Structure formats: structure tokens, C-alpha cells
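Structure first, commentary second.
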Amino acid sequence: MTHRAGDCGACGCRFPRTWSGGHGPASGRPALAEQLLAGLDQRATTLTVQVAALAREAGTLADLDGARALRAEIRAAGITSAEAVLELAIALHRAVLGEDDKVRTVIDRLHELAERGDYAYYADIAH
């Protein structure tokens, strides 16, 4: 099997280049998504796009002030699924930095979210 950038060697499926570091086809997609969602009342989708933008910067953020503000906004909106995805993005950031103790803290928060919803498998993903 010939492997091309973006292909999965195991099954041949295409993966988006989400983690391309600003290069490739996915680099402008969060901004495009925000533009397309402007004026629409799709709160969960808008928050998910913001989480995706944060995840794209995993390991390069100077601090997590933006993530904390986003968490507060998500909690105020009461969208547990978006909060679980945000915690996954934070776990990714912490893992990239090698902050294993902080990854465990995020996993604990994911377990707490699982008690309120159907997101128990998110903690497994973060492991």
C-alpha cells in the first residue's frame, strides 16, 4: 500500500490534517467555521469550533486562560458534551508538554462529567 500524507496506513482512510501546525488544508478551517456560524444560534457548534481551535494549539499555549474562560462559557451554557471535548483538548495540551500529573487531573474531571452524562469513554480516550 502506498502511503500518502493524511492516509491511514492500516485501513487507507483519510484523516484531516487538523494538527498540521498551521500548514496544509486544515489550517484555516476553524476561522472559516466561525465565519460560517456567525449569526446562527448554534451554541454547541460554536463552542466546539472554539475548542478545536484551542486543541490545534496544544503544547504551544503560554497559559490556559483561554481554556478557563471557554470552560466557564460552556458551563454557563450547560453543554456537557462541549465541556467533555474541551477537557480532551486540555488533556492533549498537557500530554504534549509531558505534564502527566496534570493529565491525571483532567482525567478526573472527565470522570466527574461522566457521572452527569454519557461521556465515560472520553476519560478512556485521554488515557
Mind ranking 90-96, 121-127 by how tightly packed they are, going by the mean number of other C-beta atoms within 10 angstrom, highest first?
90-96, 121-127
Applying a 10 Å radius around every beta-carbon, put 47-53, 101-107, 80-86 in order of their mean neighbour count, most first.
80-86, 47-53, 101-107
May I ask for the net charge around Glu73, where only other residues with Cβ less than 12 Å from the Cβ of Glu73 are counted and Lys, Arg are +1 while Asp, Glu are -1?
+3
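Every number in this text was worked out from the coordinates using simple rules, so none of it is lab data. Remember, predicted model here, so these are calculated numbers, not experimental data. Because the Cβ atoms are built from the backbone with ideal geometry, glycine has one as well, and the counts that use them run over all protein chains shown.
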